[in-house]
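The values are calculated or read from the model by the stated rules, or taken from the named source; none is laboratory data. Remember, predicted model here, so these are calculated numbers, not experimental data. Because the Cβ atoms are built from the backbone with ideal geometry, glycine has one as well, and the counts that use them run over all protein chains shown.
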């Protein structure tokens, strides 16, 4: 009887690409299931020369490698395994360990938070994705279906190979104002197989790419209707309402509002205990339809005043065009890749 049918299914998907080539394999000694820190049981890495020299990382551990444990017959585990393509010097003989750590950190986020990833999702990793490269502009990621591996069926259900793609912060800002599919399509001619190069600069420096992105934003607006944030709180006193947002995420919220409300779309901020919704409207209003939920109806003429009050700095602003509404930006305590506070404060 096969003791690891899920693992074998991944190997079978790789065989048409790599044949009997032996990968550089990074195994986990103390597995998550046994109380260890790393959720991935292993990561295989293949050295590639085409279409550009790169390392191709493939994870084992986000799906059910051994036995079927979940109740969903259609998906194996979380339904995906990570892949990552990293530009390499052809003379390199071993892949960098930081890239494997990146995949372990992403897996750890899923296992501890319960929030999974899909193609089109994205996140700011609060620093360079290569932790020791402070000079790198690549500080955010989005996810695409691996262009060569796609999706497979296994004895335990479907598995999507979800590729991590590094983005410069300027590109990530544009993604939030637009959508992941549009941005990655605009970048694709310059990123063969979406290989991540931590030494590259923002592709928006190319006038043609920048024009395509700005035209897409103007045409489509933002598709990101919900943001998970650390702070989305409020106080109400008679006809007055004070909203509190975190300094780290305030500029991103402002960008998203500009990409949503003018197109007739709401933006929802969800924290651990609240839901704060901004809705396009003809007239300003604030409503609390249920406990822990606040709706702010924003007319078009007030949008610029509202977003101007969202810098990455602590402070309070009374929004003149939204009478009775005050926006307070509060400091954000930075956290590391493991969710622990670093001591650094934004705002």
From the list 213, 209, exactly one residue is surrounded by 22 or more Cβ atoms within 10 Å (Cβ to Cβ) and more than 17 Å from the chain's Cα centre (by Cα). Which is it? 213
The stretch 23-34 residues that are assigned by TED's automatic domain parsing to the domain that holds residue 106 and closer than 21 Å to residue 83 by Cβ, paired with ones that are at pLDDT below 75 and surrounded by fewer than 17 Cβ atoms within 10 Å (Cβ to Cβ) (beta carbon under 7 Å, 6 or more apart): 28/36
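Listed here are the residues, each with its yes/no results for (1) outside any helix (DSSP H, G or I); (2) touching a residue at least 12 places away in the same chain (Cβ under 8 Å); (3) touching a strand residue (DSSP E or B) at 6+ places or on another chain (Cβ under 7 Å).
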position: 189; (1), (2), (3): no, no, no
position: 222; (1), (2), (3): yes, yes, no
position: 234; (1), (2), (3): yes, yes, yes
position: 251; (1), (2), (3): no, yes, no
position: 288; (1), (2), (3): yes, yes, yes
Just one of 209, 160, 213 is in contact with a strand residue (DSSP E or B) (Cβ under 8 Å, 6 or more places away or on another chain), under 30 Å from residue 268 (Cα atoms) and either in contact (Cβ under 8 Å) with a residue 40 or more places away in the chain or not in a loop (DSSP other than H, G, I, E, B) (or both); which is it? 160
If you take the residues in the stretch 1-31 that are surrounded by fewer than 18 Cβ atoms within 10 Å (Cβ to Cβ) and in contact with a strand residue (DSSP E or B) (Cβ under 6 Å, 6 or more places away or on another chain), which one is modelled with the lowest pLDDT? 27
Report yes if some residue within the stretch 232-244 is modelled with pLDDT under 90 and outside the structural domain of residue 60 (by TED's automatic domain parsing); otherwise report no. yes
Say whether the condition of being in contact (Cβ under 8 Å) with a residue 60 or more places away in the chain and either surrounded by 20 or more Cβ atoms within 10 Å (Cβ to Cβ) or assigned to a strand (DSSP E or B) (or both) is met by at least one residue in the stretch 111-119. no
Please determine whether any residue of the stretch 312-325 is in a helix (DSSP H, G or I) and either assigned by TED's automatic domain parsing to the domain that holds residue 237 or modelled with pLDDT under 90 (or both). no
Could you count how many residues in the stretch 143-155 are surrounded by fewer than 23 Cβ atoms within 10 Å (Cβ to Cβ) and either without any contact (Cβ under 8 Å) to a residue 40 or more places away in the chain or over 22 Å from the mean Cα position of the chain (by Cα) (or both)? 7
If a residue must be closer than 11 Å to residue 107 by Cβ, buried (at least 19 other Cβ atoms within 10 Å of the Cβ) and touching a residue at least 40 places away in the same chain (Cβ under 8 Å), how many such residues does the stretch 37-59 contain? 5
